[in-house]
Amino acid sequence: MAEHGPYLPHEPGYGLYQPGYGLFDDQTPDPDHRMLACQNAKAYLLQSSLTSGLNLYDHLVNVLTKILDERPANPVDIFENISKDVKAAQFQKKMDTLRDEHEILPSFESAEIRRNLFFKSDAGDEEREEELGEIPLPNVMETAFYFEQGGIGLSRDETYLIFLALKKLVSVQPIQTCRFWGRILGREKNYIIAEVQFREGEEEEETEEEEVIDEGDKRMDEVEDEDEEKEKNEPPKSTYKPPPVIPKEENGTGANKHVYFVCNEPGEPWVKLPPVTPAQIVCARKIKKFFTGRLDAPIVSFPPFPGNEANYLRAQIARISAGTHVSPLGYYRFSEEEGDEDEEGGGGRDDYEENPDFEPLSAFEMVESLSTWVHHVPSILKQGRCVWFNPLQKTEEEEGEEEEEEKDEVPDELQQETGPPLLTPLSEDEGIQNIPAWTVSLSTRLIPQYAVAILRSNRWPGAYAFACGTKFGNIYFGWGHKYSLGNHTPALPPPVQPEYPNGPEIREAADPTVEEELAFKAAQEQKALEGMEGEEEEEEEEFEEDEEEEEEDD
């Protein structure tokens, strides 16, 4: 590399302090020397740094370009900051030759999902709602306002999104009544739950399909049984008799009175949960699992749960609804048509209606005693049903087949389970040792005229209810677990099956020696000889007796 300089007068780099140079010197420098000096200076500025790989020439160009483009005030005062910004903008990571995929922000994804909620429905939906008269869409914002007085609920933005999601559900499904049940939290995602009732006749098709499937399964089982009977070398059959299967309650009754739809976020498609069975409710009481937010996730537990997370979620919803859905005393009354008739195997009247003559109590009166609140959802028995089912009750065909079997093994009757009747006051609920089952409070004591009575469940943390005049509501926000004083202890597995019975028939004997075999053979021969001699003597005696009888006859 060529060395820079020495510089001549009027050339870049020649200082004013150098001797022989004057400001008013009229000497004209040689243009060749000036061009050489400019090239040397530019070459110096183009030298790259060993640390950053940048050069001063390009950096100054970028800094001046930035200053001229932005034209800040007093650029000389912020020149150093502009220089730092230019250097920072040129920093690049050491990337691979392959380009990374464009990252989509979670906020953008959620906005795309919720965008469909803000589209106005077609005019046909509005005309259909006018024909039906009543709109099944509930006023979620009004209910959220009352719960907000007690510090309960979600943000207003999220509540409004759930409101729009319920509107979407009502416009798609043939729903008669709809209600925002609440939210159950999960480790990965949460569940937003809607409680609905279909219009009459809309759910009959599903039940008919289930019956057809059941009949087809029974026919397949009969064919398999016939094939098994034809087999000659059958293995020994087990004498174990499994306990009878408790059937699920029909749709629209008991624990399956309502249908539930769930989704993880407002705007996502609603998914209908399957009906709950008694076996699922009984098993759900023995386990405690956190939800993942995925309906198809398996439930790994002991005792084994009969289903996946969707079935477990449905079982927990039924348990929470049966224990925490309450209303003010007198809001509901039993229907007059039903009278005092009790269903077979039931626990009393189970049909109620709104009381047109209901006179609401004040908020102070609702707080003073738990007797002003009642349960309006039937309780679930230990059997897993709201109405008791007799497992020993058999059809005529089963009775004809089992006439020959012994009747002493199974008792003829079982003790019928009964639960508390409907519209039972909360004052009769059992507490948890020293903890009451419910806690009642006022939303405010500063303005008692507009206070709201708030009810909180201690048995199911996250369940709340409010009452204000003729309005009341129930909601749940929690993990879907029942409160327990101690840590959850899973049930122990059953005892190990005992070994086979030990006896001489199956006990393995030692091989005999040669002497023992010879002695056994001699003993067998001796027994055979004695037997032959005894037979000859008997034949001689019989012959003599026959001769004597012949002589007597003559």
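The values are calculated or read from the model by the stated rules, or taken from the named source; none is laboratory data. In this text the structure is predicted, and so the values were computed from the model without any measurement. Reconstructed Cβ throughout: ideal geometry from the backbone, glycine too, with neighbour counts over all protein chains shown. Heads up: the accessible areas ignore ligands, DNA and RNA and are worked out on the full protein's heavy atoms, side chains in. Shrake-Rupley method; radii C 1.70, N 1.55, O 1.52, S 1.80 Å.
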Residue-wise, which Karplus ³J(HN,Hα) couplings in Hz belong to region 81-87, taking 6.51 cos²θ - 1.76 cosθ + 1.60, θ = phi - 60°, and x for glycine or proline? 5, 5, 5, 5, 5, 5, 5
Quote to one decimal, in nm, the extra length available between Glu530 and Leu446 on full extension: 0.36 nm per residue of separation minus the C-alpha distance between them. 18.6 nm
Using amide H atoms built in the peptide plane, which far-off residues or other-chain residues are under 5 Å from Ala467 H to H? Ala453
Please give the peptides 542-548, 327-333, 317-323 ranked by average Cβ packing (other Cβ atoms within 10 Å per residue), highest first, as a rough proxy for protection. 317-323, 327-333, 542-548
Checked against a 23 Å limit on the C-alpha separation, the offending pairs among Lys289/Lys471; Lys168/Lys272; Lys168/Lys189 are Lys289/Lys471
Determine how large the accessible area of Val140 is when every protein chain is in place; take a 1.4 Å probe and give Å² rounded to the nearest 10. 10 Å²
Phi-derived 3J(HN,Hα) across region 496-512 with the Karplus relation (6.51, -1.76, 1.60, θ = phi - 60°), rounded Hz, x for Gly and Pro, is 5, 5, x, 6, 5, x, 8, x, x, 5, 10, 6, 7, 9, 6, 5, x
Nonlocal amide H pairs with Trp181, under 5 Å, H built at 1.01 Å: Ile193, Ala194, Glu195
With a 1.4 Å probe and all protein chains kept in place, how do Glu195, Glu525 rank by accessible area, largest first? Glu525, Glu195
Label points 7 Å out from Cα along the Cβ direction at Phe145 and Glu268: separation in nm? 3.1 nm
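Round to the nearest 0.05 the FRET efficiency obtained for Glu109 and Val172 when R0 = 35 Å and r is the Cβ-Cβ distance.
The computed FRET efficiency comes out at 0.95.
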Theoretical FRET efficiency, 1/(1+(r/R0)^6), r = Cβ-Cβ of Cys38 and Ala89, R0 35 Å, to 0.05: 0.75
Accessible surface of Lys257 - all protein chains present, 1.4 Å probe, nearest 10 Å²: 70 Å²
Would you please give the FRET efficiency between Thr424 and Arg156, computed as 1/(1 + (r/R0)^6) with r the Cβ-Cβ distance and R0 = 41 Å, to the nearest 0.05? 0.70
Per-residue ³J(HN,Hα) for region 316-322, Karplus 6.51 cos²θ - 1.76 cosθ + 1.60, θ = phi - 60°, Hz, x for Gly and Pro: 5, 5, 5, 5, 5, 5, 5
What does the extension gain come out to for Ile432 and Asn55, with contour length at 0.36 nm per residue minus their alpha carbon separation? 128.0 nm
Sorted by chain and then number, the residues having a modelled amide H within less than 5 Å of the amide H of Ile432, at least 5 places away or on another chain, are Ala437
